[in-house]
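Q: My questions all concern the structure below.
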Amino acid sequence: MTRSSKARTVTKQSGAVVRLYERSQVGWRKVATGAAALLALAMGYHVIFGQNGLTVYQQKRQDTQTLDRQLRSLQRENDQLKGHVDRLQNDPNAIEHQAREELHYTRPGEVIYTLPASAGGSGTPSEPVPAKQ
């Protein structure tokens, strides 16, 4: 073999190695691109549907709003009850009104008529309730 044929053989072999290396690089790039895409999809799924994802965040936000509404409602009711207690402690008319409504107390000479609680009644008043003194 002559020197030029050796050089051609070496060049052909090195060209084959370079082409094989380039093909392997293109293959690895495709694999790496696919892996990066899968990783991005997995991260996106975790961000949306994960343990602390967007769906859980929205549910917790709705729960917070519901609890805030309940808290405001209970605070209003509490304020009303405090006002009622204050009136019962300080206002004799409020005490009398409460006794008349709940205990059916009357003043001398008054008569209380109690209507039936059910809507299906005949609509006539019942017997008078004896007055308590």
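Q: Per-residue HN-Hα couplings for the stretch 109-114, Karplus 6.51 cos²θ - 1.76 cosθ + 1.60 at θ = phi - 60°, whole Hz, x for Gly and Pro?
A: Using θ = phi - 60°, the values come out as x, 8, 10, 9, 9, 9 Hz.
Q: Scan around Ile112 for amide H atoms under 5 Å from its own, H built in the peptide plane at 1.01 Å from N, and keep only partners 5 or more places away or cross-chain.
A: Amide H neighbours of Ile112: Val129.
Rule-based calculations on the coordinates, nothing more; no lab input. Remember, it's a predicted structure, so these values are computed and weren't measured experimentally.
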